[in-house]
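One structure below.
The values are calculated or read from the model by the stated rules, or taken from the named source; none is laboratory data. This structure is a prediction, so every number in the text was calculated from the model and none was measured. So basically every Cβ, Gly included, is an ideal-geometry build from the backbone, and we count neighbours across all protein chains shown.
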Amino acid sequence: MSIPRMYTIALQAFGYTEAEANFLYLVATHSGYFTCQQFVRFIDGKPGKRTLSFVRKVLERGHATARPCLRNGKLYHLFARNLYEAIGKDNVRFRRKHSPEYIRTRLAAFDFILGRLNFHFLETEDEKVRLFTEQLGIDKKYLPAKRYLGAISEGFTDRYFVDKFPMYVRPTSSSPPVVSFSFVDAGLESIDSFKTYLEAYTPLFLQLRELNLHYIATRETHQNRAKRLFMDLFERHWNPDSPGGIVDYFCLRKQAETTELHKLSSPDLAALSLAKARFNRPEIEALYQKWRSGERHFQQVRDEYYRLRRPRSVSFTFSPVNGQIALFERHPASLVKTPWKSARKTDFPGDFTHPVTQAES
C-alpha cells in the first residue's frame, strides 16, 4: 500500500513520527478506531515505550479519545477534524461516534488490511466508482448504492459502497484489473447481513469476468453457510435452465415482444425485468437475436452461454482475523488457526446435475 508522501508530511507536522503518521493515515482512511495491539502490529514491534508514547500523543493533542474496555484494555477513536482535514478526509463518517457493532466491524476490517499492506486498497467512494465505470466499463446502475434525502433541498443523493468494506486490486499487471471484495462478519447470530450484502452486490458481481470474495470474521461460526449461500447464487446463475436463467429470459422476452404479452403474469414480468438487467450485454443480445431468427436452437444457446457467462470464475476465501474481540467479550473464543483459503477458483463444470465444488487448501 502506497501512502502519498504529502499526507505523511502533513501528519508529521502535528508532531508524529513517520511511522506514527502512516498508521494514523490508515486509521483515518479505513477505520476511525484502533488499538495498541494494531499499532504494534503495524510497526512490527513489541508493546512498550514506543506504543505508550504514541497513544499519549494522540490523546494529549486532542486527536483521539480513549474508551475503557474489558481486561483493562483501551480502544481509541480518532475523531479530530483538523487531522482528517490535513489528509483531505474531513467528511468521512469515521469521525462520528458509533455503535459497538459498527466499531467491531471496523476493527476487524482494519486487522484484515494490516495483514495485506502490500496490496492497493481502494480508499474512497470516488476511487471505487471510477475504477468500475471508467477502467472496467461497468454502468453505474450496477454499483451497490444507497439513496439519501438532501438535508437542505428536497433532492436525493446516491452514495456508493456505503458499507466501506475493504476492497483491493491485486498487485499484478493483469488487464483489466482484478478486484477483490470483502464482507465483514460483525459476530451476529445470523447471516442475514450477508444476504443483504449479496443482494446489493450481485448486479455488480454479474458484470465481472472474475470474482474474489473474502469473508472476514473472528470465528468460523457462519463461514460454511455463507460459502454455500454464495456458491448457490452462481450455480443458479450459471445454469441456463434454472429459474430466471437465460432460457427463461429468451422465452419471456419473446412473449413480451409478440402479441402474447397479455399472457405474462406479474411474477413473469418481474422476472423479465430482472433478467433484462442481468443479461444486458451486447454478446447476449446478439445471441438472443440469432435464437429469435432461428439461427440458433436452445442447445446451441446453452453451449454458447458457457463461453459468454459472467463471472467466469469465483472464489470464496474465509479470512479469520483477531478483531480485538478480547476487548468486548469476557470469554472470547477467537480463532487459533492460521488463515486459509476455503475455496479455489471455480470454473463452470458444464454439467448442471453436479454442484460446483472447491478444494480446501
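Things worth noting here:
- Annotation note: of F205, F230, F183, the sole residue that is within 18 Å of A108 (Cβ to Cβ), of a type in the set (A, V, I, L, M, F, W, C), surrounded by 19 or more Cβ atoms within 10 Å (Cβ to Cβ) and in contact with a helix residue (DSSP H, G or I) (Cβ under 9 Å, 6 or more places away or on another chain) is F183.
- Within region 169-193, being of a type in the set (S, T, Y) and either modelled with pLDDT of 80 or more or more than 21 Å from V314 (Cβ to Cβ) (or both) holds for S173, S180, S182, S190, S193.
- Residues in region 273-306 that are under 16 Å from V247 (Cβ atoms) and of a type in the set (K, R): K276, R278, K290, R292, R296, R302.
- Scan of region 250-291 for residues that are of a type in the set (V, I, T) and in contact (Cβ under 8 Å) with a residue 60 or more places away in the chain, ordered by number: none
- Residue that is surrounded by the fewest Cβ atoms within 10 Å (Cβ to Cβ), among those in region 108-144 that are touching a residue at least 40 places away in the same chain (Cβ under 8 Å), hydrophobic (A, V, I, L, M, F, W, C) and closer than 14 Å to Y201 by Cα: I138
- Options Y76, Y16, Y7; residue that is closer than 24 Å to T105 by Cα and touching a helix residue (DSSP H, G or I) at 6+ places or on another chain (Cβ under 8 Å): Y76
- Residue selected from region 194-250 under the condition farther than 23 Å from Y306 by Cβ and of a type in the set (V, I, T), by the criterion nearest to the chain's Cα centre (by Cα): I216
- Looking only at region 8-49, and only at residues there that are small (G, A, S) and touching a residue at least 40 places away in the same chain (Cβ under 8 Å), the one that is nearest to T65 (Cα to Cα): G32
- Only listed residue being farther than 27 Å from Q299 by Cα and at pLDDT below 90, chosen from H262, H222: H262
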